[in-house]
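Presented below is the structure to which this report refers.
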Amino acid sequence: MKTLFKNIKELIQVRTEPISFVSGKQMNVLPTIKNAFLLVENGVISNFGSMQDCPTITTDKIVDASGKLVLPSWCDSHTHLVYAGNREGEFVDRINGFTYEEIAARGGGILNSAKKLQETSEEELYQQSKVRLKDIIHSGTGAIEIKSGYGLTVEAELKMLRVIKRLKETFPIEIKATFLGAHAVPLKFKNNKKGYLQLLINDMMPKISEEKLAEFVDIFCETGYFTVEDTELILRAGIKNGLTPKIHVNQFTAIGGVKAGVKNGALSVDHLEVMRNEDIEVLKGTSTMPVALPSCSYFLSIPYTPARKMIDAGLPLALASDYNPGSSPSGNMNFVVATACIKMKMTPEEAINAATINGAYAMGLEKEVGSITVGKKANLLLTKPIPSYGFIPYAFGNPQIEKVYLKGL
Ligand SMILES: [Zn+2]
């Protein structure tokens with residue numbers, strides 16, 4: 001199957017030499033080709049360049065992209081897309097002035113999602129999650145990471161991870177799974193956090209490893225949730241079970257979790273709304289990707305990750321949606337890119353790099369997706385006729401994507 005995209009007004013994020021990620025000043029460089037062609041063979045990018053070099057060959061399909069742009073599809077490296085029900089009730093409670101603590105005391109929060117999920121069958125959970133996955137594919141996401149963490153029992157965590165596995169096997173989008181058993185301490189272990197950590201390590205991890213249900217391990221390292229010591233314990237146990245570390249860290253307080261992540265070779269450290277100078281310093285020159293989640297800051301009205309300070313200090317940055325029922329009930333990466341520009345003062349170039357190649361790296365998919373490179377999967381966005389790529393964040397809230405291609409289809 002050969003598809004030729006021709007007369008592309010501008011082909012965005014072209015990388016002739018493969019790269020892992022971009023950082024610092026390089027984040028502001030977004031290579032493009034104006035008036036370009038792109039050839040896709042059997043789902044893979046096989047050639048691209050200027051229209052004047054467009055080969056005359058027979059193809060199965062020709063897409064005339066006059067006036068339109070082609071980009072690699074969005075890479076969303078942090079989501080909780082598999083969940084049961086929703087928390088719309090808590091949303092209204094917050095509007096009516098109830099605090100997070102009051103809502104939690106009335107049975108809200110992560111434990112609310114956990115209760116619903118435990119009561120939902122695997123089939124029903126799959127059906128609900130499938131709808132959300134189709135939605136985010138439609139809005140331009142071509143690679144996604146999905147976490148467990150609303151189960152909080154052996155059975156319910158495995159149920160979540162099996163649903164993620166089924167989505168992976170059913171849909172053409174790239175999916176990576178993360179075990180986030182350490183998302184919150186369940187009520188049963190309220191006064192026995194150590195006991196719960198032991199359950200994660202001794203009972204859940206070996207099963208996950210045996211069934212190959214996850215690639216990554218994650219923990220919510222935060223005051224009132226899990227300490228730096230707990231984090232190191234879980235990350236090390238994850239590594240022993242073949243899982244690569246990631247962390248939810250520095251969302252409300254900075255307690256040293258970023259350093260613990262770097263020390264244990266975390267692929268990414270996510271949230272980072274609160275960043276001390278020492279947290280920025282410890283990330284410099286490492287292979288750990290910082291990940292910002294602007295939709296969460298928007299929804300909760302909490303500070304945004306200080307992207308300017310971090311990029312100006314030479315760090316890389318990835319952008320993800322944090323799609324979840326409590327703090328970001330949206331997986332729309334167009335909104336994420338726009339919010340990064342509007343609220344975090346990232347340039348369109350920086351935001352697009354952060355939501356493509358850097359997001360791919362944060363999922364270990366930088367060799368598969370995230371740029372227009374020969375050999376990569378043809379997971380692409382074809383825009384409507386628009387003036388430039390800066391128009392995508394500028395015209396926030398208005399869908400600018402005409403068609404999404406996964407593996408060229
Ligand atoms: Zn999260």
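Mean-square fluctuation check for the chain, GNM, Cα pairs under 10 Å: which of LYS259, LYS116, LYS194 is largest? Between LYS259, LYS116, LYS194, it is LYS194 that shows the largest mean-square fluctuation.
Label reach from VAL44 (point 7 Å along Cα→C-beta): in region 366-390, amide nitrogens under 12 Å belong to 368, 374-378. Under a 5 Å amide H cut-off, with hydrogens placed 1.01 Å from N, TYR323 pairs with HIS80 among residues at least 5 apart or on other chains. Placing R0 at 25 angstrom, the Cβ-Cβ distance between LYS190 and LEU300 gives a FRET efficiency of 0.55 after rounding to 0.05. Relative to the longest principal axis of the Cα atoms of the chain, the long axis of helix 154-170 makes an angle of roughly 10 degrees. Listed by chain and number, the lysines placed with their C-alpha closer than 16 angstrom to that of LYS168 are LYS130, LYS134, LYS147, LYS159, LYS176, LYS212, LYS377, LYS407; residues fewer than eight positions away on the same chain are left out. Coupling constants for region 374-390 follow from the phi torsions by the Karplus curve (6.51 cos²θ - 1.76 cosθ + 1.60, θ = phi - 60°), and in residue order they are 4, x, 7, 5, 7, 9, 10, 10, 10, 7, 6, x, 9, x, 6, 5, x Hz; glycine and proline get x.
Bridgeable lysines around LYS309 (alpha carbons under 17 Å apart, same-chain partners fewer than 8 residues away excluded): LYS25, LYS284, LYS343, LYS345. Compared with the dominant principal axis of the Cα atoms in the chain, helix 122-138 is inclined by about 40°. Our summary gives the chain a relative contact order of 23 percent, counting only alpha carbon pairs under 8 angstrom and 6 or more residues apart. Between THR286 and ASP64, the modelled label-to-label distance comes to 5.3 nm, taking each label 7 Å out from Cα in the direction of the beta carbon. Between ASP60, ASP76, ASP93, the GNM of the chain built on Cα springs shorter than 10 angstrom shows ASP60 fluctuating the most.
What's the FRET efficiency of LYS263 with GLU123 using the Cβ-Cβ distance as r and R₀ = 30 Å, to the nearest 0.05? Before the final figure, lay out the partial values.
Working: r = 41 Å, r/R0 = 1.37.
That gives a FRET efficiency of 0.15.
GNM on the chain, alpha-carbon springs under 10 angstrom: the most fluctuating residue among PRO329, PRO31, PRO294 is PRO31.
Between HIS138 and ASN277, residue separation times 0.36 nm minus the direct Cα-Cα distance comes to 46.1 nm.
Note on THR56 and PHE91: the model spin-label points, each 7 Å out from Cα along the C-beta direction, lie 5.6 nm apart.
Report relative contact order for region 1-79 in percent, whole number only (criteria: Cα-Cα under 8 Å, sequence separation at least 6).
Details: 132 pairs, mean separation 36.6, N = 79.
Rounded, it is 46 percent for region 1-79.
Per-atom-type breakdown for region 1-145 gives carbon and sulfur 50% of the accessible area (1.4 Å probe, protein chains only).
The values are calculated or read from the model by the stated rules, or taken from the named source; none is laboratory data. Owing to the predicted nature of the structure, the values given are computational and were not obtained by experimental measurement. Methodologically, a virtual Cβ is constructed for each residue, glycine included, from the backbone with ideal geometry; neighbour enumeration extends over all protein chains shown. Please note that ligands, DNA and RNA were not included when accessible areas were found on the heavy atoms of the full protein model with its side chains. Shrake-Rupley method; radii C 1.70, N 1.55, O 1.52, S 1.80 Å.
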